[in-house]
Structures are given as C-alpha cells and as structure tokens.
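Below is one structure; the comments refer to it alone.
The values are calculated or read from the model by the stated rules, or taken from the named source; none is laboratory data. This structure is a prediction, so every number in the text was calculated from the model and none was measured. Heads up, the Cβs are rebuilt from the backbone with ideal geometry, glycines too, and the neighbour counts pull from every protein chain shown.
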C-alpha cells in the first residue's frame with residue numbers, strides 16, 4: 001500500500017471493508033467527490049474554535065469563511081496544510097497534514113511530501 005511509505009509503523013490499525021457493485025474507477029471518482037462535511041464534526045470544530053471566535057468578534061475581526069463542502073479531490077485547495085502525499089489514480093490516494101490538533105488552534109504547518 002502507498003501509505004506504507006509514509007507510515008511504515010503505527011500504533012493502531014483499523015480495517016474496514018465494503019463490497020460495492022461498481023467499477024473501481026467509478027468508486028474512486030465517487031470517493032474524491034464525496035462531501036466530507038458532517039454536522040456533528042462541524043459542531044465539534046465550532047466548540048473547539050469558540051474562544052478564538054469570541055476573541056475575533058471582540059476585536060471586530062471577520063469570522064473566517066467555511067467552504068460549503070470538503071472533498072478529497074479539493075482538500076488540498078481548501079485546507080490550510082493538506083497535501084497529496086502520493087496517489088495511484090483510480091486506485092489509491094494518500095493525503096496528510098501536520099499540526100497540533102490537540103490545541104484550540106491546530107497550529108497547521110505547511111510541508112511538502114518527500115519520501
């Protein structure tokens with residue numbers, strides 16, 4: 001798998017499997033176009049960013065806009081630091097981001113893939 005170049009060892013493994021009655025290229029195209037936004041996740045991000053948003057409002061700064069959708073095909077254009085690490089078109093896609101996600105502000109860092 002392509003991800004093994006970037007994560008050869010790991011602490012956890014989750015394996016999910018689904019049988020889909022469609023051509024692999026069609027499934028891959030649908031995966032890249034699927035909207036990843038979710039109301040519950042949006043709410044959790046909103047709660048995490050609440051202190052920042054209150055501070056922005058207090059300073060009279062505009063609130064950053066959120067894209068109406070987030071897809072794997074567009075995430076590198078929408079996210080502050082998402083990069084395509086490697087891809088085998090129609091088969092496999094590996095994306096990544098670097099940041100301090102346990103903090104209120106993730107502290108995104110921009111990196112270019114290398115391996």
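For the reader, a short list of remarks on this structure follows.
- Across the stretch 72-109, the qualifying residues are those that are touching a helix residue (DSSP H, G or I) at 6+ places or on another chain (Cβ under 6 Å), in a loop (DSSP other than H, G, I, E, B) and surrounded by 15 or more Cβ atoms within 10 Å (Cβ to Cβ), and the one among them that is modelled with the highest pLDDT is 72.
- Counting only helices (runs of 4 or more DSSP H) that sit completely within the stretch 1-71, those holding 2 or more residues that are over 21 Å from residue 94 (Cβ atoms) and either under 15 Å from the mean Cα position of the chain (by Cα) or touching a residue at least 60 places away in the same chain (Cβ under 8 Å) (or both) correspond to 39-48.
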